[in-house]
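Working notes, beginning with the structure itself.
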Amino acid sequence: MAKLDILRFPDPRLRTKAVPIKEVSDAIRVLIDDMLETMYDAPGIGLAATQVNVHQQLVVVDVSEDKNQPYCFINPKITQRDGEEICEEGCLSVPEYYAEVQRSETITVKALDRDGKEFELEADGMLAVCIQHELDHLKGKLFVDYLSPLKQKRLQKKFAKLAKQAASS
Ligand code: ZN
């Protein structure tokens, strides 16, 4: 397994729309394992392929306390939404920044698993929030897009400056 580099906001590659995966091959399974390793190491509770600069529809999630309940969603689609919930979110691509975002409280998601088999999952709580956050990544969307324009501008400036410093050091 190998750890992957995570793209950081405001990297424009985070705005790429992911394409569906045609075949769940061994290469995809290697990518899933690498993404899980990268996510656990960060540490984080979810990671989208977009964040490791692979623009295919794949996300991994594990919201369990013991980090032993990994989910992988290939070509995921939310087929049902219910309720509303406001939750504080963070993102491995926007380090050390947290903000409240409104999401659906309960969702049903349809996807393929690591064997290419279709499955359906009903989720609520943290798992539902995390899945919605990760699926946004596949559309090139970030949780900070839900903030006010002024807050977004400030954040953009701050992170652009950090990126510049990191590049010159
Ligand atoms: Zn994220």
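The values are calculated or read from the model by the stated rules, or taken from the named source; none is laboratory data. Treat the numbers as computed from the prediction; the structure is a model and nothing was measured. Here the Cβ positions follow ideal geometry from the backbone for every residue, glycine too, while neighbour counts run over all protein chains shown. With ligands, DNA and RNA removed, areas are computed over all heavy atoms of the protein, side chains included. Shrake-Rupley method; radii C 1.70, N 1.55, O 1.52, S 1.80 Å.
The Rg/Rh ratio of segment 78-165, with Rg taken over Cα atoms and Rh as the Kirkwood radius over Cα pairs, comes to 1.05.
For the chain, the fraction of 1.4 Å probe accessible surface lying on carbon and sulfur atoms is 48 percent. If R0 is taken as 35 Å, the Cβ-Cβ distance between Ser25 and Glu65 corresponds to a FRET efficiency of 0.60. Taking every C-alpha pair closer than 8 Å and separated by at least 6 residues, the mean separation divided by the residue count of the chain gives a relative contact order of 24 percent. Computed from the Kirkwood radius of its Cα pairs, the Stokes-Einstein diffusion coefficient for segment 12-100 at 25 °C and 0.890 mPa s stands at 172 µm²/s. Computed per residue of the chain from DSSP H runs no shorter than four, each worth -39500 (n - 2.57), the mean residue ellipticity at 222 nm is -10000 deg cm²/dmol.
Only one residue of Tyr71, Gly83, Met35 has its Cα farthest out toward the positive end of the dipole of the chain, where Lys and Arg carry +1 and Asp and Glu -1 on Cβ, and that residue is Met35.
Magnitude of the charge dipole for the chain, about its Cα centre and with charges confined to Cβ atoms of Lys, Arg (+1) and Asp, Glu (-1), is about 1260 debye.
Computed as a quarter of the hull surface, the mean projected area of the alpha carbon convex hull for segment 1-50 stands at 3.9 nm². Quote the FRET efficiency, to the nearest 0.05, computed for Lys117 versus Thr79 with a Förster distance R0 of 22 Å and r equal to the Cβ-Cβ distance. In this case the efficiency is close to 0.85. Dipole magnitude for segment 69-169: computed about the Cα centre from +1 point charges on Lys and Arg Cβ and -1 point charges on Asp and Glu Cβ, it is near 940 debye.
Counted over all Cα-Cα pairs of segment 1-154, pairs farther apart than 26 Å make up 19 percent. In this rough spin-label picture, where each label sits 7 Å from Cα along the Cβ direction, the Ala99-Asp145 distance is 1.2 nm. Given their separation in residues at 0.36 nm each and the Cα-Cα distance between them, His55 and Thr108 gain 16.7 nm when the chain is fully extended.
Once the Cβ-Cβ distance of Lys158 and Tyr40 is raised to the sixth power relative to R0 = 25 Å, the FRET efficiency obtained is 0.35. Solvent exposure of segment 1-110, expressed per residue, is 54 Å² of accessible area, with all protein chains present and a 1.4 angstrom probe.
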